[in-house]
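Report on the structure given below.
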Amino acid sequence: KAQVGALGLAQHANQLHLWGLRSLTPSAAAAISHHRGDLFLEGLTRIPGRVAVHLARHSGKVHLHGISHLKEAAARALGLRTGFLCLKGLKSLSPTEAELLSAHRGPLYLDKGELTDAVVRTLGQHHGSLSLSPPWGITDHHLASPIQHGGPPSLGGLKNVSQRTAAMLASQQAPGGI
């Protein structure tokens, strides 16, 4: 029954907002992944790896604002995704999860997380625009990777900018600015 409903929703061509949805089965995720518009699954608080595999195949933007933690299987699946991915509710990432997620191609938004210096440096391997909030007091050494990665960075919450960091930001060549 849930899969039939999901298939019906997948036929909708505009943005699909399912804010109240708290969980998603792999079969429902497979059906919803065929949706032709952007997905807003902000009510999901966890994403099992098998669900992430299906959502990673979705061709539109994917918003998963309610996810606060990722397991390695989900990070691996989402890392294989190409396209816009927003995980702005993510509170933390391990270095392994960051490495898996950094394989993602396209805009990646992780604005609210409390990320360690090492995780920020690892996320700098990402290709595409990258939005994250580096930890307070992060060193220039750890900021170099996300600033100089293969897309424009957005570094919300950066409180102090050293001369070296300012020079790195000023030399950023990505279209669309910083």
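As for region 66-75, it holds no residue that is within 22 Å of S23 (Cβ to Cβ), in contact with a His (Cβ under 7 Å, 6 or more places away or on another chain), among the hydroxyl-bearing types (S, T, Y) and open to solvent by 20 Å² or more (accessible area, probe 1.4 Å). Close contacts from region 44-66, counting a first residue that is closer than 21 Å to S92 by Cα and modelled with pLDDT of 95 or more and a second that is open to solvent by 50 Å² or more (accessible area, probe 1.4 Å) and not charged (D, E, K, R), with Cβ to Cβ under 6 Å and a gap of 6+ residues or different chains, come to G49/A73; A56/L80. Counting only helices (runs of 4 or more DSSP H) that fall entirely inside region 70-127 and contain at least 2 residues that are closer than 19 Å to R57 by Cα and within 11 Å of the chain's Cα centre (by Cα), the qualifying elements are 72-79.
Condition first: at pLDDT below 85 and touching a helix residue (DSSP H, G or I) at 6+ places or on another chain (Cβ under 7 Å). Can you find one or more residues in region 85-107 that meet it? No, there is no match, as no residue in region 85-107 is at pLDDT below 85 and touching a helix residue (DSSP H, G or I) at 6+ places or on another chain (Cβ under 7 Å). Out of all the residues in region 23-30, is one or more open to solvent by 50 Å² or more (accessible area, probe 1.4 Å) and either closer than 27 Å to G156 by Cβ or of a type outside the set (S, T, N, Q) (or both)? The answer is no, given that none of the residues of region 23-30 is open to solvent by 50 Å² or more (accessible area, probe 1.4 Å) and either closer than 27 Å to G156 by Cβ or of a type outside the set (S, T, N, Q) (or both). Restricting region 40-69 to residues that are among the aliphatic types (A, V, I, L, M) and in a helix (DSSP H, G or I), the residue that is farthest from G128 (Cα to Cα) is V51.
The values are calculated or read from the model by the stated rules, or taken from the named source; none is laboratory data. These figures come from a predicted structure and were not determined experimentally. No Cβ is skipped: glycine too gets one built from the backbone with ideal geometry, and neighbour counts run over all protein chains shown. Surface areas here come from the heavy atoms of the whole protein model, side chains and all, with no ligands, DNA or RNA. Shrake-Rupley method; radii C 1.70, N 1.55, O 1.52, S 1.80 Å.
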